[in-house]
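Below you'll find the structure, written out as structure tokens, and then a few comments.
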Amino acid sequence: MRRLILLRHAKSAHPGATPDLDRPLAPRGRDAAALMGRYLADEQLFPDLALVSPARRTRETWDLVAPALGDVPVRFEPCIYEAPPERLLAVVREVEAAVRSVLMVGHNPGFAELAARLVGHGDRYAFARLAQKFPTAAVAVLDLPGEGWRDAAPGSARLDRFVTPKALGAEDD
């Protein structure tokens, strides 16, 4: 079994003429990212590898999550930025077989669409929340069958959980 953890970047700011790639996190996003990092650690959701979009808001999200997770190798993957689900799935399928758990930090709508495509069963309440909205800083934990990441296929994943900052007591999603 492989575990894929999808973490949407935390809430970003929209300063003036800043290009999309360079948008920073908003103060609320900084708080939510740290909260989600603590959640991942409390739940023992420690990845073997982090794949992070190069956008500033995803890098800042990772920087606030990472201290709670310890020493996790990280790769900044340009293919994750504004990627459709097919490209995200291709990135997942290229992960080395020795890696058992991957945390991806990226964007919507790609993450919501990838999760919806991969999930075939699991916690029905989590799936209902996921189908409604994949808000900023939300985490979807998917368990994938098979011997390697290349086996990741539509409908094959079990949704273990879907958690939002609001579910953990934050003000808003």
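The values are calculated or read from the model by the stated rules, or taken from the named source; none is laboratory data. These numbers were taken from a predicted model, which means no experiment stands behind them. Note: ideal-geometry Cβ built from the backbone for every residue, glycine included; neighbour counts use all protein chains shown. These area figures cover heavy atoms from the full protein model, side chains too; ligands, DNA and RNA do not enter into them. Shrake-Rupley method; radii C 1.70, N 1.55, O 1.52, S 1.80 Å.
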Farthest toward positive dipole pole in segment 35-173 [+1 Lys/Arg, -1 Asp/Glu at C-beta], among Leu45, Leu69, Ala115: Ala115
Suppose all protein chains stay in the model; what accessible area per residue would a 1.4 Å probe give for segment 1-72, in Å²? 43
Sorting check: for 48-56, 4-12, which peptide has the highest mean count of neighbouring beta carbons within 10 Å, and how do the rest follow? 4-12, 48-56
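Does segment 1-104 come out rounded, prolate or oblate, given a ≥ b ≥ c as the square roots of the eigenvalues of its C-alpha gyration tensor, rounded meaning a/c under 1.5 and, failing that, prolate meaning a/b above b/c? It would help to have the intermediate numbers written out before the result.
Details: a/c = 2.39, a/b = 1.26, b/c = 1.89.
Oblate, because a/c is 1.5 or more while a/b does not exceed b/c.
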To the nearest 0.05, the calculated FRET efficiency linking Ala153 and Ala17 through their beta-carbon distance, R0 being 35 Å, is 0.25
Cα-derived Rg over Rh, computed across segment 113-173 with Rh taken as Kirkwood radius: 1.02
Based solely on its DSSP helices, what 222 nm [θ] is calculated for the chain when runs of n ≥ 4 H residues each add -39,500 (n - 2.57) and the sum is averaged over all residues, nearest 500 deg cm²/dmol? -10000 deg cm²/dmol
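Going by a ≥ b ≥ c, the root eigenvalues of the Cα gyration tensor, does segment 22-173 fall in the rounded group (a/c under 1.5), the prolate group (a/b larger than b/c) or the oblate group?
Working: a/c = 1.42, a/b = 1.20, b/c = 1.19.
The shape class here is rounded.
Can you send over the carbon and sulfur percentage of the accessible area for the chain, probe radius 1.4 Å, protein chains only? Please report the intermediate quantities before stating the final value.
Working: 4090 of 7960 Å².
Roughly 51 percent, rounded to a whole number.
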Helix 27-42: angle to the longest alpha-carbon principal axis of the chain, degrees 0 to 90, nearest 10? 30
List the longest stretch of the chain that has no exposed loop site; here a site is one of the GluC sites (Glu not before Pro) assigned by DSSP to anything other than H, G, I, E or B, with at most 12 other Cβ within 10 Å. 1-93
Between rounded, prolate and oblate, where does segment 79-124 land on the alpha carbon gyration tensor, with a ≥ b ≥ c its root eigenvalues, rounded for a/c under 1.5, else prolate if a/b exceeds b/c? oblate
